[in-house]
Amino acid sequence: MKQKAPKAKSPEAVKPGDAVKPVKADFPEQVRSFVAEWSVTIILLLFGTTTLLQAFVVPTGSMEDTVLIGDHMFVDKLSYSPAGPVSKYLLPYTPVQRGDIIVFKWPIDTRQNYVKRVVGVPGDRIKLVNKDLYLNGKKVTEPYVVHKSPMLDSYRDNFPTEPNTRLEDPAIRMLADNVKDGEVTVPPDHYFAMGDNRDNSLDSRYWGFVPRGNIVGKPAIIFWSYDATTEELANPNIISITHIIDLATNFFSKTRWNRTFMIPRRYPLA
């Protein structure tokens, strides 16, 4: 007599209220998901830090006491970008204005970034008389400026006049082509920039105007400030052993905690 094969048991039906165990993804699927998520994150971060923001460290004291040597800041690259037909209604584009602090590629060597304050826009007439700035014939109040030398320099403090020091070629052309009645006139698509540490600033007086295309952006926020020297920060692509040791031993004591999250602000000039 033949025995009947036992019937295969059907899976139990899920009853209402029973907990349903989640199906666990296999390992390759987990890896693919992890790689995909982090790839998107990294792409967004790279896009943000190259297109919208750029980290910048201040190596010199030409903008003291507004910006200090060792200030690490994010530069807003979006605000001064050319506005598109649609994006101009959606994004906060602004023109470069007098009193703005800007980060730009130095016209003499575009591999170097400088930070200065705009004191003249296209069409402005500029001169200095005994250290005082005159803009379009009127004396300007500059509360951000510091003078650390009591001496008067015939060129630096009474600009434009006969230079008494070596100038870069663009500055020589500026004095030859853009000076009239004792004033420098800023040409189209160019800006005149100077440091707030007015007696110790290598600026437009010595190397000429800043072309509009050289402007990278404006400081958005200081995310870290460390009391370092110009020698330690002059070349951000090369970190010296001395600087590494200094950071390791003095990070907490030499970090300027009170400058964290400070925003270097513009000052409107009439």
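Miscellaneous remarks
- In segment 57-68, the residues that are under 13 Å from Arg259 (Cα atoms) form Cβ pairs under 6 Å with partners that are of a type in the set (A, V, I, L, M) and surrounded by 20 or more Cβ atoms within 10 Å (Cβ to Cβ), at six or more places apart or across chains, as follows: Val67/Val58.
- Listed by position, the strands (runs of 3 or more DSSP E) enclosed by segment 99-217 that each have at least 1 residues that are modelled with pLDDT of 95 or more and loosely packed, with under 13 Cβ neighbours inside 10 Å are 125-129.
Matching residues to (1) modelled with pLDDT of 95 or more; (2) in contact with a Phe, Trp or Tyr (Cβ under 8 Å, 6 or more places away or on another chain); (3) among the small types (Gly, Ala, Ser); (4) assigned to a strand (DSSP E or B):
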{"residue": "Ile222", "(1), (2), (3), (4)": "yes, yes, no, yes"}
{"residue": "Ile245", "(1), (2), (3), (4)": "no, no, no, no"}
{"residue": "Asn250", "(1), (2), (3), (4)": "no, no, no, no"}
{"residue": "Asn258", "(1), (2), (3), (4)": "yes, no, no, no"}
{"residue": "Pro268", "(1), (2), (3), (4)": "no, no, no, no"}
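- Criterion: more than 24 Å from Val96 (Cβ to Cβ) and of a type outside the set (S, T, N, Q) - qualifying residue of Lys131, Lys116, Lys139: Lys131
- Condition check for Ser240: surrounded by 19 or more Cβ atoms within 10 Å (Cβ to Cβ), over 19 Å from Leu133 (Cβ atoms) and polar (S, T, N, Q): no
The values are calculated or read from the model by the stated rules, or taken from the named source; none is laboratory data. What you are looking at is a predicted structure, and each value in this text was computed from that prediction instead of being measured. Glycine gets a Cβ as well: all are built from the backbone with ideal geometry, and neighbour counts include every protein chain shown.
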